[in-house]
Each structure stands twice: as structure tokens, then as C-alpha cells.
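Written below as C-alpha cells is the structure these notes are about.
The values are calculated or read from the model by the stated rules, or taken from the named source; none is laboratory data. The structure displayed is predicted, hence computed values, not measured ones. Cβ atoms come from the backbone with ideal geometry, glycine included; neighbour counts cover every protein chain shown.
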Amino acid sequence: MGHPTSSGCTRCSCRSALAILASVLAIVAAFYWDDAADAWVRAHQTAQMRHIAGLVSFYGDWPWLMAVGLLLLLAARMRNRRDWARVVCVMMFASTLAGTAVNTVRLTTGRTRPNASVPQGWYGLRYKQHWLVGANRFNAFPSGHTATAVGFAVPLLLVAPEAGVPLLLVAFLIAGSRVYLRAHHLSDVTTAAIVTAWLAAAITRRWGHRRAAICNACEASVRVVNPER
């Protein structure tokens with residue numbers, strides 16, 4: 001009677017392990033392609049595209065995401081959709097938590113932005129007797145814009161993919177704008193996106209549903225053992 005549950009959890013663990021491995025490989029690949037990506041951007045930048053990227057970057061920042069969240073929350077409340085209000089609250093919480101965590105790390109790594117007028121590198125907390133906390137040109141890794149945008153999109157993606165996919169594409173567009181403006185390296189946005197996706201998924205599993213299951217495979221196994229459940 002316990003075999004289906006064990007099998008389901010094993011499949012879930014294998015998928016999780018593969019997802020973690022894929023995440024690590026994607027981050028490593030992004031670091032490898034950093035210089036090539038920046039070279040491509042420098043070769044293809046135009047004034048018009050920089051203007052568009054600047055608008056995307058500006059309106060894709062955390063305050064505007066929260067404004068959208070408040071409008072969605074108001075609409076859900078007006079329609080008496082407590083389930084959707086809960087999802088929107090999770091979206092706003094995941095975005096805020098991800099942004100706070102990433103920005104805290106970003107202030108300590110000392111990684112130069114691609115457009116910084118200093119030699120590229122990781123300088124940590126101090127450089128030439130100066131603290132680098134809050135020094136914008138040394139605060140590239142990871143990307144705060146990307147973290148807040150992905151954190152906002154992932155809960156909706158998990159709850160309602162048909163609405164979440166377009167929002168996730170917007171998050172990727174925001175991340176791309178940061179690379180195009182040379183405010184971040186490819187690895188800055190990739191790392192922020194992947195780490196945030198894991199964090200937002202964990203938050204959604206915990207609070208995004210009235211009855212959260214650890215994984216669909218485990219829940220299906222329980223039904224096999226107890227069909228009346």
C-alpha cells in the first residue's frame with residue numbers, strides 16, 4: 001500500500017535534482033557568456049533602442065510592480081475573489097522578499113557594472129580605502145530589477161499559467177533591458193532570475209493555494225492509496 005507514495009516521491013526528488021542541476025549549469029553558462037553578451041550589446045546599441053530599454057527598465061522597477069499589484073488586489077476585492085486576492089498578495093510578497101534579498105547581496109559583492117569606468121572585477125566591500133556599499137558602479141551582482149520582476153511573475157505562472165506566461169515574458173524583457181543598458185552582466189540577471197524563481201516557487205507552494213501539495217506526484221499517489229480522499 002505504501003509503494004505508490006514512495007515511487008511518487010522518488011520521481012519528484014529526481015525532477016527536483018534535475019531542475020537544480022539545470023539551474024546551476026545555466027548560471028555557469030551565463031558567466032561564461034558574459035563577455036560575448038556585452039560585446040554583442042556594444043555592437044548593436046542604438047539611441048532609439050536605449051530609450052526603449054530605459055523605459056522598460058524604469059517602469060519595470062519594484063514601485064511600479066507594486067502599483068500593478070495594488071490595482072489587481074483592488075480588482076479582486078471588488079469582484080469578491082478572495083482566492084485571486086491571495087495570489088496577488090503572494091506575488092507582491094515574493095517580489096518584495098526577492099528584491100530585498102538580492103539587493104542586500106548586491107551591496108556586498110562589489111561587482112562592477114559593464115558600463116563602469118573602472119577595471120571590471122569583483123571588489124568586495126572596499127576598494128582603495130573606500131566602502132563600496134551603495135556605490136552604484138560596484139553593485140551589479142545580482143540584478144534587483146530581475147529579482148523583483150521574476151518574483152512577481154512566478155506565483156501567477158504556477159497558479160494560472162495562461163496568465164503567468166505573458167507576465168514572465170515581461171519579466172524577461174525587463175531583465176533584457178538591464179543587459180542592453182549595460183547596467184548588468186548576463187550572469188547578473190540569470191542568477192537573479194533563477195534564484196528568485198526557486199524562492200517564489202517555495203513561497204507559492206506555502207501560501208499561494210488554500211490546499212498546497214508538496215508535489216502533484218505525491219498527491220496523486222495518496223489518491224491511489226485512498227481513492228475516497
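Structure data summary
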| quantity | calculated |
| --- | --- |
| Some residue of region 110-129 being surrounded by 17 or more Cβ atoms within 10 Å (Cβ to Cβ), touching a residue at least 12 places away in the same chain (Cβ under 8 Å) and within 11 Å of the chain's Cα centre (by Cα) | no |
| Boolean, GLY151 is closer than 26 Å to THR108 by Cβ and surrounded by fewer than 24 Cβ atoms within 10 Å (Cβ to Cβ) | no |
| Subset of region 154-176 [buried (at least 22 other Cβ atoms within 10 Å of the Cβ), closer than 19 Å to ALA30 by Cβ and not β-branched (Val, Ile, Thr)] | ALA171, ALA175 |
| Selection count, region 98-145, where residues are outside any loop (DSSP other than H, G, I, E, B) and under 16 Å from THR191 (Cα atoms) | 16 |
| Of the criteria (1) modelled with pLDDT of 95 or more; (2) farther than 22 Å from GLY164 by Cβ, which one PHE93 fails | (2) |
| Boolean, ALA175 is under 17 Å from GLY69 (Cβ atoms), assigned to a helix (DSSP H, G or I), of a type in the set (Gly, Ala, Ser) and in contact with a helix residue (DSSP H, G or I) (Cβ under 7 Å, 6 or more places away or on another chain) | no |
| Tally of residues being among the charged types (D, E, K, R) and in contact with a Ser or Thr (Cβ under 6 Å, 6 or more places away or on another chain) across region 180-198 | 1 |
